[in-house]
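Each remark here refers to the structure printed beneath this line.
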Amino acid sequence: MQQVFHEISLKTDGQGFYNFTEKTLGWLNKQKITNGILNINILHTSASLIIQENADKDVLYDLKNFFDKLAPMDNKLYKHITEGKDDMPAHIKSALTNNHLTLSFKNKKLILGTWQGLYLFEHRLNKHTRILSHHLIGD
Amino acid sequence: MQQVFHEISLKTDGQGFYNFTEKTLGWLNKQKITNGILNINILHTSASLIIQENADKDVLYDLKNFFDKLAPMDNKLYKHITEGKDDMPAHIKSALTNNHLTLSFKNKKLILGTWQGLYLFEHRLNKHTRILSHHLIGD
Amino acid sequence: MQQVFHEISLKTDGQGFYNFTEKTLGWLNKQKITNGILNINILHTSASLIIQENADKDVLYDLKNFFDKLAPMDNKLYKHITEGKDDMPAHIKSALTNNHLTLSFKNKKLILGTWQGLYLFEHRLNKHTRILSHHLIGD
């Protein structure tokens, strides 16, 4: 059994979805493991991870809109307002989506559906650098 | 260490919950691995996975009703409407639940609570065939 | 490859967040595994797991408030009411958060962001004992 660790760093420039599938595949391609589990963790609580459709961009537009309405940027709703009107909604959206994705890797290929892409879901308005821990265990 | 991969295919006939626990256990029983991690991924973005109560069916009724109200089938709410009024709500419900379940397998038994069952949560109205990737790693 | 299993039992006294990070780290510190995957499963469907901010307690206050408003304790909304007005909202909140957390363990350290803590999110009003299955696989 082998294990390899890696960090992918993503620069974000405002709220929305950032597709990192190719970055993950690029790293996987260089590893000597043929089959295994890939565990991806985001090391932040105001941005999250999501597997979603990679075809029609309107899906991502509607998704963002849904979450914005569900957890509005309205300071009257929250006690935690010192870090900006976008911070508490960011924690809520993170709680509703994923801190981590666990995927299977078979014959050097990541098991994903045809229409599935890996996305960072950024919930903050300002620029951020987000660290995604990658861990592959297998043989 | 050993690894085995499998696909379970489920035919769905409209929105709702489909219990696949027995199918997963049936496959696990045939494997030569005693302890390990089981990773289950659904290869679609308009249906999802969920662990929920397997006793009172009213729980599933109320859950479905909750999600239907939270993400209504109302085209006025969405830009992505070309695939039907149920498609964008399906993506939202998938984002709010799980694309994958990661479970522990100990002494040939899947670690689950007494009242926990594994469910496919179908969000589309029409018939679909859903592929659930199963991956067991252990020894 | 080695595998170790453990159960952490948490007594809860009403709805809210219970930080169990130190209990998990205390157990990990005693294991002989240096690198691996840690899989944590909660064996209940009316309490859940969440990774959230461990700094400002107002974040947890606002999160609890958000989920209470999203899934109100109002029997008129639900069919499943025999176990109390808090039970169906508990199942909904569990469906919206996590049954399991999958984390990476590297050089004897759990990979977590600086501000991330591991929480049990209790959704029931009365006292409960919650079992969290821990499973570490690695070498």
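The values are calculated or read from the model by the stated rules, or taken from the named source; none is laboratory data. Being a predicted model, the structure only gives us computed values, none of them experimental. All Cβ positions, even for glycine, are placed from backbone atoms using ideal geometry, and neighbour counts span all protein chains on display. For accessibility, only protein heavy atoms count, side chains too; no ligands or nucleic acids. Shrake-Rupley method; radii C 1.70, N 1.55, O 1.52, S 1.80 Å.
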query: If you put a point 7 Å past Cα along the Cβ direction, how far is that point for B:LYS85 from the same point in each other copy, in nm, smallest first?
result: 3.4, 3.4
task: Could you work out the mean count of beta carbons from other protein chains within 10 Å of each residue's beta carbon in C:33-42?
output: 5
query: To the nearest 10 degrees, how steep is helix C:87-96 against the longest Cα principal axis of chain C, on a 0 to 90 scale?
result: 50 degrees
task: Tell me what the protein assembly as shown gives for mean residue ellipticity at 222 nm when only DSSP H runs of n ≥ 4 count, each as -39,500 (n - 2.57), the sum divided by the residue total, rounded to 500 deg cm²/dmol.
output: -7000 deg cm²/dmol
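About the Cα centre, and with charges only on the beta carbon of Lys, Arg (+1) and Asp, Glu (-1), how big is the dipole of the protein assembly as shown? Nearest 20 debye, please. Mind dumping the intermediate values first?
Values: 51 positive and 42 negative charges, 191 e Å.
Using Cβ point charges on Lys, Arg, Asp and Glu, the protein assembly as shown gives about 920 debye.
About the Cα centre of region B:46-139, how large is the charge dipole given +1 on each Lys and Arg Cβ and -1 on each Asp and Glu Cβ? Please answer in debye to the nearest 20.
Working: 13 positive and 11 negative charges, 37 e Å.
Roughly 180 debye for region B:46-139.
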- request: Compute the label-point distances linking A:LYS30 to its equivalents in the other copies; points lie 7 Å from Cα along Cα→Cβ; give nm, one decimal, shortest first.
  value: 4.0, 4.0
task: Quick one: divide the alpha-carbon radius of gyration of the protein assembly as shown by 2.2 N^0.38 Å and tell me what you get.
output: 0.92
statement: With x for Gly and Pro, the residue-by-residue ³J(HN,Hα) of region C:121-132, computed from phi through the Karplus equation 6.51 cos²θ - 1.76 cosθ + 1.60 at θ = phi - 60° and given in whole Hz, is 10, 7, 10, 9, 7, 8, 5, 9, 10, 10, 9, 10
- line: Candidates A:HIS80, A:HIS100, A:HIS44; GNM for chain A (alpha-carbon contacts under 10 Å) flags as most fluctuating A:HIS80
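Just the ratio, please: alpha-carbon radius of gyration of region B:6-59 over 2.2 N^0.38 Å, N its number of residues.
Values: Rg = 13.1 Å, N = 54, 2.2 N^0.38 = 10.0 Å.
Output field value: 1.31.
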field: Given charges at Cβ of Lys, Arg, Asp, Glu: chain B dipole, positive-most of B:ILE33, B:HIS91, B:PHE17
entry: B:ILE33
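Taking 0.36 nm per residue of separation and subtracting the Cα-Cα distance, what length does fully extending C:ASN65 through C:ASN19 add?
Fully extending the segment from C:ASN65 to C:ASN19 adds 14.8 nm.
So for chain C, averaging the separation of alpha carbon pairs under 8 Å that are six or more residues apart and normalising by length, what relative contact order in percent results?
Details: 267 pairs, mean separation 77.2, N = 139.
With pairs under 8 Å counted, the relative contact order is 56 percent.
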field: Residues in region C:36-51 reached by a label modelled at C:LYS108 [backbone nitrogen below 19 Å; 7 Å Cα→Cβ]
entry: C:36-38
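Determine the shielding of peptide B:44-51 by partner chains: average, over its residues, the number of Cβ atoms on other chains within 10 angstrom of each Cβ.
On the way: counts 6, 11, 3, 0, 2, 0, 4, 11.
So the per-residue partner count for this stretch is 5.
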- prompt: Among the listed pairs A:LYS93/C:LYS57; A:LYS23/B:LYS109; A:LYS106/C:LYS23, which are separated by more than 25 Å between their Cα atoms?
  reply: A:LYS23/B:LYS109; A:LYS106/C:LYS23
query: Picking from A:THR114, C:THR82, A:ILE50, whose Cα lies most toward the positive end of the charge dipole for the protein assembly as shown (charges on Cβ: Lys, Arg +1; Asp, Glu -1)?
result: A:THR114
- line: Output row for A:THR114: copy-to-copy label distances, label 7 Å along Cα→C-beta, ascending, in nanometres, one decimal, is 4.6, 4.6
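Summarise the accessible area of chain C (1.4 Å probe, protein heavy atoms) by the percent that is carbon and sulfur.
Values: 2700 of 5530 Å².
Of all accessible area on chain C, carbon and sulfur atoms account for 49 percent.
Could you provide, to the nearest whole Å², the per residue accessible area of region A:69-139 with probe 1.4 Å?
On the way: 2690 Å² over 71 residues.
Here the residues of region A:69-139 average 38 Å² of exposed surface.
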- prompt: Radius of gyration and Dmax for chain B's Cα atoms, expressed in Å?
  reply: 16.2, 53
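Roughly how large is the B-A contact in terms of buried accessible area, totalled over both chains, probe 1.4 Å, nearest 100 Å²? Before the final figure, lay out the partial values.
On the way: alone 8110 and 8110 Å², together 13600 Å².
Interface area, both chains combined: 2600 Å², rounded to the nearest 100.
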task: Rounded to whole Hz and in sequence order, give me ³J(HN,Hα) for region C:56-67 from the Karplus expression 6.51 cos²θ - 1.76 cosθ + 1.60, θ = phi - 60°, writing x for Gly and Pro.
output: 8, 5, 4, 4, 5, 4, 5, 4, 4, 4, 4, 5
statement: Karplus ³J(HN,Hα) for region C:13-30 (6.51 cos²θ - 1.76 cosθ + 1.60, θ = phi - 60°; Hz, whole; x = Gly/Pro) runs 10, x, 5, x, 9, 10, 6, 10, 3, 5, 5, 5, 5, x, 5, 4, 4, 8
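How well do other chains shield peptide C:59-66, expressed as the mean number of their Cβ atoms within 10 Å of each residue Cβ? Numbers along the way, then the final one.
Details: counts 12, 2, 4, 11, 7, 0, 4, 10.
Partner-chain Cβ atoms within 10 Å, mean over residues of C:59-66: 6.
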